[in-house]
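The values are calculated or read from the model by the stated rules, or taken from the named source; none is laboratory data. Quick caveat, the model's predicted, so the values are computed rather than measured. Using ideal geometry, Cβ is built from the backbone for each residue, glycine included, and neighbour counts are taken over all protein chains shown.
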Amino acid sequence: MEQLGKILIVDDNEDVLFALNLLLEPLSEKIKVATTPERIAHFMTVFQPDIILLDMNFTRDAISGEEGFESLEQILKIDPQAIVLFMTAYSDTDKAVRAIKAGATDFISKPWEKEKLLVTLSSGMKLRRSNREVSILKEQVEILSGQSSPENEIIGESPVMQEVFATINKLSETDANILIMGENGTGKDVFAHLLYRNSSRCGRPFVTIDLGSIPEQLFESELFGYEKGAFTDARKAKAGRMEVATGGTLFLDEIGNLSLPMQSKLLTAIEKRQINRLGATQTVPIDVRLICATNADIRQMVDEGAFRQDLLYRINTIELHIPPLRERGNDIILLADYFLNRYARKYKKEMRGMNREAKNKLLKYPWPGNVRELQHAMERAVILGDGSMLKPENFHFSLTERKRKEEDELLNLEQLERQAVEKALRLSQGNMTRAAEYLGITRFALYRKLEKLGL
């Protein structure tokens, strides 16, 4: 017989408690007993039973069962999916029907038949597990429906991209944890989806957490979930992303943003392959493949004490480096054409392509924002462009403008420095020692400035 989980028995007859405990102890995970219904709320919160065997009559009277119905109502307020099996020596059909309508799972008469009792408990445990599975499925639908998937197509023919594709193909037969590294805008999330689609876990949940957008105080509840009442706004229990991803893949984007305390909790979950919801006393087993991504220099963070080395070892069984766009050569033009066609269709523009000068301009630009910046540049060019071909003047790069401003500021600073040195020389009447004192520098530093400024 399969294990019956955790059982709470509530009965004011100690002989009944002893007999049930003796019978069920070898078949259950754990048993707790209570002689009064006043203890039910405590055990529901602390013990969190899978099945509750509840007597219907206590001190008020012997046959009406009203105390049992009141206790049932209290239990279902705490856990609407609780498995409650009523027990009474005074059973009748009307009372049984009322019990089922009120939310009880089944009805057991005293004295019980051993085989019938065990079958009833086994059915109750199966229902409990089914309810949990349905709850997890609902959480998966809720979380996955709120996630947006990036574009599936990855465009690239350059040698560096062919190396990336070759590595991904090799990883299709493994469940190893993967760390994707690359600059902002290189499409790390797109490659994470590609790894998932090429894995044996494809078709199972793919759950994402963007650690750069979740406040630290919410990370633990998002990753591990929580029980009802775990904190002020926890009005109902909720499975965490790691629990929802069980059987599938969990993608932790921008893992370099994770604080050291949260790194420790994540490491514990990975090592033990189990998690604790906030406010829960029992653990939940997990089976997830981790794909992490970061644009940070993670090893430098380890050297600086900002990232745990043992966690790095756990998440980077395989490292996948995504090259920046500036290193991908003619992929820039392939991607530009792809985005041009997409946005021409979207905005109903009759654009066939770009002229040679426009392509040369795209190839010479360093693309600090990588593919994401190119995508935005192409969309803007298509929206504002006229005619059938895009020209160089259709592209305006913020980096070029920023560099020009920086150069202007540099020239202004140089001019100010020249004016200060000239004024110091005038005030000191050419005395180099006094001029250096006016400027707050050494004579040697002043000589170097004179040489630099050509004075």
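Couple of notes before you dig in:
- Of all residues in the stretch 243-259, those satisfying the criterion of being among the hydroxyl-bearing types (S, T, Y) and part of a loop (DSSP other than H, G, I, E, B) are T246, S259.
- Check on R328, surrounded by fewer than 17 Cβ atoms within 10 Å (Cβ to Cβ) and farther than 30 Å from T45 by Cα: no
Residue by residue, here is whether (1) under 25 Å from L335 (Cα atoms); (2) modelled with pLDDT of 85 or more holds:
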{"site": "K138", "(1), (2)": "no, no"}
{"site": "G146", "(1), (2)": "no, no"}
{"site": "P150", "(1), (2)": "yes, no"}
{"site": "V164", "(1), (2)": "yes, yes"}
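- Long-range neighbours under 7 Å by Cβ, at least six apart or interchain, first residue under 13 Å from I78 (Cβ atoms) within the stretch 22-46, second surrounded by fewer than 16 Cβ atoms within 10 Å (Cβ to Cβ): I40/Q74; A41/Q74; A41/I78; M44/I78; V46/T281
- Out of Y338, Y347, Y343, sole residue that is surrounded by 13 or more Cβ atoms within 10 Å (Cβ to Cβ) and more than 24 Å from F165 (Cα to Cα): Y343
- Among the residues of the stretch 1-51, those identified as in a helix (DSSP H, G or I) and under 21 Å from R129 (Cα atoms) are L24, E25, P26, L27, F43, M44, T45, V46.
- When the stretch 195-205 is limited to residues that are in contact with a helix residue (DSSP H, G or I) (Cβ under 7 Å, 6 or more places away or on another chain) and surrounded by fewer than 19 Cβ atoms within 10 Å (Cβ to Cβ), the one that is farthest from P324 (Cα to Cα) turns out to be C202.
- Condition met for L278 (among the hydrophobic types (A, V, I, L, M, F, W, C) and over 12 Å from the mean Cα position of the chain (by Cα)): yes
- Options R402, R448, R434: the member that is more than 39 Å from the chain's Cα centre (by Cα), modelled with pLDDT under 80 and in a helix (DSSP H, G or I): R448
- When residues of the stretch 105-136 are limited to those that are among the acidic types (D, E) and out of contact with any strand residue (DSSP E or B) (no Cβ under 8 Å at 6 or more places or on another chain), the one modelled with the highest pLDDT: E115
- Inspection of the stretch 293-303 finds a residue satisfying the criterion of being without any contact (Cβ under 8 Å) to a residue 12 or more places away in the chain, in contact with a helix residue (DSSP H, G or I) (Cβ under 6 Å, 6 or more places away or on another chain) and outside any loop (DSSP other than H, G, I, E, B).
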